[in-house]
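Below is one structure, written out as structure tokens; comments come after it.
Here, each number is a calculation from the coordinates, and none is a lab measurement. Just so it is clear, the model here is predicted, and its values are computed rather than measured. Note: ideal-geometry Cβ built from the backbone for every residue, glycine included; neighbour counts use all protein chains shown.
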Amino acid sequence: MVLRQFEYLVALARERHFGRAAEACHVTQPTLSAAIRQFEEELGAPIIERGHRFLGLTPQGKLALEHAQRVLAEVEDLRRGVEALDHGLSGRLRLGVIPTALPIVSHLTTPFFERYPRVTITVLSRTSQEIQRGVENFELDAGVTYLDNEPLERVRARPIYHEEYLFLTPIAGPYAERSAISWREAADASLCLLTPDMQNRRILDGIFRSVGATPKPSVETNSIFNLVSHAASGPWSAIVPRQLLQFFGLPERTRALELVEPTARRSVGFIVADRDPPDPIARNLMEMLLPPDIVGVIVPPRKAVR
């Protein structure tokens, strides 16, 4: 077995197409197919479900994929470690970030880049489930995601801030003269919420259930910025993270109300794969000293958005 065979298998599992996998690996399709067949001969078992097109991996193939991902990650860690000893930390940081944390991610990547300028940073908007899978499959080096709402497995975590929620409503709407609204009342409003595949939405649904309410949103979106734009331009209200308004400001023609009964918050932080030795870039990200004002930037005083 050679590393290229592992690379081809990982690419094929990711692309689910022989031609696209070959293109991603910068080889011809016959070269990739021949390497996969040789891999199967060396293992003595089929790893590809064959048909007129790629149909998936066999159970043996799924096991081989897990080992291939682990081996390739260890090789990359070795390369990064040697490079760091010789020239300082370098390479690429692939960071998956939940949409609600995207407005503040520059406050995390900026100090990291200032300390490690030879590291190139790629920030990808991902759901919490995609981040978990990406870290497990070595497709992401680290993630910024919720820590305390749904179980996280085989990761190391570091809290960064607590996400709190506000009720963003049009100034011409029925709630604009108020300073606060209960979750039970908010459930009856004409709402724009994130789609159910987003953990933020599942968090909000859980809070609503805790007070015996079920919202029926008029608009659903997978964009955190669409929540704000709908509240600013239409008849809808939205439930948004407090730090979003602190970062971008309160939109014109809207007012932000405190959500009460209950007062809810969820922890957001870094996660990296739980393995030894850790990836050098991921380890330094987790150990990074955040700016002294990071808490004030991300979790602003309540009066800042009134």
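Considering Pro174, Pro170, Pro235, Pro251, the condition of being over 21 Å from Pro99 (Cα atoms), in contact with a helix residue (DSSP H, G or I) (Cβ under 7 Å, 6 or more places away or on another chain) and of a type outside the set (A, V, I, L, M) is satisfied by Pro170 alone. A single entry from Thr109, Thr122 fulfils the requirement of being farther than 22 Å from Glu15 by Cα, in contact with a strand residue (DSSP E or B) (Cβ under 9 Å, 6 or more places away or on another chain) and hydroxyl-bearing (Ser, Thr, Tyr): Thr109. Quick check, is Arg209 on the phi < 0 side of the Ramachandran plot, exposed (fewer than 14 other Cβ atoms within 10 Å of the Cβ) and in a helix (DSSP H, G or I)? So Arg209 passes the test. Contact annotation: residue pairs with Cβ atoms under 7 Å, 6 or more positions apart or on different chains, pairing a residue in the range 20-41 that is without any contact (Cβ under 8 Å) to a residue 12 or more places away in the chain with a partner that is part of a helix (DSSP H, G or I) and of a type in the set (Phe, Trp, Tyr), are Gln29/Phe18. Listed by position, the strands (runs of 3 or more DSSP E) enclosed by the range 117-194 that each have at least 1 residues that are closer than 30 Å to Ala213 by Cβ and in contact (Cβ under 8 Å) with a residue 40 or more places away in the chain are 142-146, 155-170, 180-182, 191-194.
In the range 213-223 there is no residue that is in contact with a Pro (Cβ under 8 Å, 6 or more places away or on another chain) and assigned to a helix (DSSP H, G or I).
Filtering Leu89, Leu93 for residues that are part of a strand (DSSP E or B), within 18 Å of Met288 (Cβ to Cβ), in contact (Cβ under 8 Å) with a residue 60 or more places away in the chain and touching a helix residue (DSSP H, G or I) at 6+ places or on another chain (Cβ under 9 Å) leaves a single hit, Leu93.
Taking each residue of the range 56-68 that is outside any helix (DSSP H, G or I) and looking for partners that are basic (Lys, Arg) with beta-carbon atoms closer than 8 Å, six or more apart or interchain, yields Gly56/Arg16. I'd like the full set of residues that are among the small types (Gly, Ala, Ser) and touching a Ser or Thr at 6+ places or on another chain (Cβ under 7 Å), limited to the range 12-32. If the condition is that a residue be among the small types (Gly, Ala, Ser) and touching a Ser or Thr at 6+ places or on another chain (Cβ under 7 Å), then Ala22 is the only one that fits. Those residues that are hydroxyl-bearing (Ser, Thr, Tyr) and either in a helix (DSSP H, G or I) or at positive phi (or both), I need them from the range 13-34; list them, please. The answer is Thr31, Ser33.
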